[in-house]
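Reading through the structure tokens given below for one structure.
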Amino acid sequence: MTTRQRHHVSDDIHSNGAAVNPWWANAVVYQIYPRSFQDSNGDGYGDVKGIISRLPYLADLGIDAIWLSPVYRSPQDDNGYDISDYRDIDPLFGTLSDMDTLIERSHGLGIKVIMDLVVNHTSDEHAWFQASRDAHSPYADWYWWRPAREGFHPGEPGAEPNRWGATFGGSAWQYDPQRGEYYLHTFSVKQPDLNWENPHVRQAVYDMMNWWMDRGVDGFRMDVITLISKRVDVRGRLPGEDYGLFSDGPVGEEGYSSPWPFSMDGPRLDEFLREMRSAVFSHRDGYLTVGEGQGISPERNETITDPASRELDMLFLFDHIGADQHGTKWTITDLHLPDLKSAMDEQQRAVRSKGWASLYFNNHDQPRSVSRWGDTSTPELRTRSAKALALLLHLHRGTPYVYQGEELGMTNAGFTRLSQYRDLESINAFRQRVQEAHLQTAESMMESLAKVSRDNSRTPMQWDGTRFAGFMDENAGIEPWIQVNPNSPSINAERETEDPHSVFSFYRSLIALRHTDDAVSCGEFAMLDMDDESVYSFTRTLGERRLLVVVNVSSHSSDLPVQTRGLLAREADPERVVIANESADAIVGEIAMGRLSAWSAFVYQIEK
Ligand code: GLC
Ligand code: CA
């Protein structure tokens, strides 16, 4: 039962009249990275009890659901994305009973609870994998086991079945002496890929999902779910495919080929998602499913999220956050705004009449957007650009996701030494790119990490200005698992919740706006001035209501581009400014001048 009154969006969320009225159509989801959110017992790691203690803060922000990054039992090789028991909570985070309390208290505040579902792979310490190491066990076929390359002795250098590289460095194949074969791991050596071709694997996953749903959770964010169907048959090469499981693809600069083309959006993905939907969700409502959508084209996004397909409610796509990445993720460049616009536009168009979009700039795998695309050179510009990016994202059509600390305008970690990093991807990439493949100097790789390492978003949540930012007890005698950002005395929740002009207060207004304004949640999206390099503007239209969204994504003043200016001709009514990061009078002044100040961002209600 919810205690807050929720506003229901009109049935007509699609411009073509396709009626869907799920609760998430005007909801905002808040992502929690548990190990960095709030420590309750002074061990330096955030935990479930810590989350419970901060629920009032989240209710105050106004979000509708929390998504927890994994808290299941795990050796923590990849901070919980390597699960050894899906039906237990890791002692680092607490107990099952803490989890029950979190679900109950959240529901009491009208907040749904979405769990992370990591089922492309398990931990190598999972009982299924341990059993699978015996070729005669019933679990023998639960993972991707392959013999050594022909003519090689198992375990010797070069004997891997092919040259696939793992996402977190090294070969994607690991030799297991007990089995005498290699297993596939798309990610770290401690994250063996499950074999979804095996129906017993699928049933075990669905049983586990039902177990959690019956316990009260409200859905799942599905980790790399579009990798579960591998593009191979059991024996190898597929007719018509360029290369099969046993042959090498093109070898990249780090000395490996990529297994991703064999698994992204594989041939049985729709079938598996439908089967999951029917096994877990067919008799339920009020839930949410969102899949991490690597390799999903706009057309495929439409199909997968079309309610009629009975697959997923929405997907996290990647092309927009890849707009400034050319080549590898380590070679990030300055954002060319039209690239971001066209990626967002394509995503919005794809689900215009069927399906639904997720909206995000931040998560636990991305650097902080205010550091990446905003301006952190002064406190004023940081605040202003954080609000501008928030307005820009939240005014699109779809379900926005706020990543912890984003609502405070938290910035990148600012690490300068390798020893400050904790993320296995960052540490392995440094070794592979600098020491093994000699692709970057140590200095240039430290610059890359400072810009894109996942640890940028994993520093402790900044609650207040005390030594460890209120994340943990400062008298515990130990330090947090990862360093607190030194800017926590000025950027923290305590200051911002009290300040009506803070980034936090702005997020609260944006969230409230989505709850009450159908044009914001459902209105049709139309991009304007696509080629303008500074101004990002679009309209949202529902019935007679039309909103014009204008953001100057730059630290200099910019002319209103032509289409936007056309829509604003003769407009000068401060009452029509729906929300902005400066006063309505200032906005009207800028419209009159035809010139936007740095990071100016507003929504203006225009006549249709
Ligand atoms: C997803 C997660 C990421 C994790 C990876 C492997 O991309 O978001 O954090 O490392 O999958 O599970
Ligand atoms: Ca703890």
Open item on the list: Suppose every Lys and Arg Cβ carries +1 and every Asp and Glu Cβ carries -1, with no other charges. What dipole size does the chain come out with about its Cα centre, to the nearest 20 debye?
Closed with: 480
Task: Dipole axis of segment 523-606 (+1 Lys, Arg; -1 Asp, Glu on Cβ), positive-most option in Phe538, Asn552, Gly594 - done: Phe538
Task: Helix 199-215 vs. the chain, principal-axis angle (Cα, 0 to 90°, nearest 10) - done: 40
Open item on the list: With a 1.4 Å probe and all protein chains kept in place, how do Lys49, Lys341 rank by accessible area, largest first?
Closed with: Lys49, Lys341
Open item on the list: Once ligands and nucleic acids are excluded and a 1.4 Å probe is used, how much of Thr516 is accessible, expressed in Å² to the nearest 10?
Closed with: 100
- [ ] Using just the helices of the chain, give the 222 nm mean residue ellipticity in deg cm²/dmol: DSSP H runs with n ≥ 4 each add -39,500 (n - 2.57), and the total is spread over all residues, rounded to 500.
- [x] -7500 deg cm²/dmol
Task: R0 of 35 Å, Cβ-Cβ distance Glu125-Thr331: FRET efficiency to nearest 0.05 - done: 0.50
Open item on the list: Heavy atoms of the protein only, probe of 1.4 Å, neighbouring chains included. What is the accessible area of Trp24 in Å², nearest 10?
Closed with: 20
Open item on the list: Quick check: residue separation of Ala442 and Ala135 times 0.36 nm, minus the Cα distance between them. What number comes out in nm?
Closed with: 106.2 nm
Task: Solvent-accessible heavy-atom area per residue, rounded to whole Å², over segment 462-608 at 1.4 Å - done: 42
TODO: May I ask what percent, to the nearest 5, of DSSP beta bridges between residues of the chain are antiparallel?
DONE: 60
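Just subtract the alpha-carbon distance of Ala308 and Glu104 from 0.36 nm times their residue separation and send over the number in nm, one decimal.
The Ala308-Glu104 span can extend by a further 70.2 nm.
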Open item on the list: If each residue of separation counts as 0.36 nm, what is the full-extension length gain between Leu418 and Ser597 once their alpha-carbon separation is subtracted?
Closed with: 60.6 nm
- [ ] Over the alpha-carbon set of segment 523-606, divide Rg by the Kirkwood Rh and report the Rg/Rh ratio to two decimals.
- [x] 0.93
TODO: Quote the charge dipole size of segment 523-606 about the Cα centre in Debye, to the nearest 20; the model charges only the Cβ of Lys and Arg (+1) and of Asp and Glu (-1).
DONE: 180
- [ ] Using a Förster distance of 56 angstrom, determine the FRET efficiency expected from the C-beta separation of Arg467 and Glu575, and round it to 0.05.
- [x] 0.75
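Carbon-plus-sulfur fraction of the accessible area of segment 523-606, 1.4 Å probe, in percent? Please list the in-between numbers first.
Values: 1630 of 3460 Å².
Using a 1.4 Å probe with all protein chains present, segment 523-606 comes out at 47 percent carbon and sulfur.
Could you sort Asp214, Asp270 by accessible area so the largest value comes first, with the probe set to 1.4 Å? Don't skip to the end; give the middle numbers.
Numbers: Asp214 115, Asp270 30 Å².
Listed by decreasing accessible area, they come as Asp214, Asp270.
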TODO: Kindly sort His515, His326, His320, His336 by accessible area of their heavy atoms, largest first, with the probe set to 1.4 Å.
DONE: His326, His336, His515, His320
- [ ] With everything on Cα atoms, drop me the angle between helix 442-452 and the longest principal axis of the chain, reported from 0 to 90° to the nearest 10.
- [x] 60
Task: Ser297-Thr516 pseudo-label distance in nm [points 7 Å out on the Cα-to-Cβ vector] - done: 4.3
- [ ] Under 15 Å from a label point 7 Å along Cα→Cβ of Asp499: give me every residue in segment 386-406 with its amide N that close.
- [x] 386-388, 406
TODO: Would you mind checking Lys49/Lys341; Lys341/Lys451; Lys49/Lys230; Lys387/Lys608 for any pair whose Cα atoms are more than 32 angstrom apart?
DONE: Lys49/Lys341; Lys49/Lys230
TODO: Using only Cα atoms, find the angle between the long axis of helix 584-593 and the longest principal axis of the chain, and express it within 0 to 90 degrees, rounded to the nearest 10.
DONE: 80
TODO: Post the alpha-carbon centroid distance, segment 435-494 to segment 75-98, in whole angstrom.
DONE: 23
Task: Which of Gly216, Val290, Pro22, positive extreme of dipole for the chain (C-beta unit charges) - done: Pro22
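The values are calculated or read from the model by the stated rules, or taken from the named source; none is laboratory data. Small disclaimer: the values here were computed from a predicted structure and weren't measured. FYI the Cβ positions are ideal-geometry reconstructions off the backbone, even for glycines, and counts take in every protein chain you see. Remember, those area values only see protein heavy atoms, side chains included, never the ligands or the DNA or RNA. Shrake-Rupley method; radii C 1.70, N 1.55, O 1.52, S 1.80 Å.
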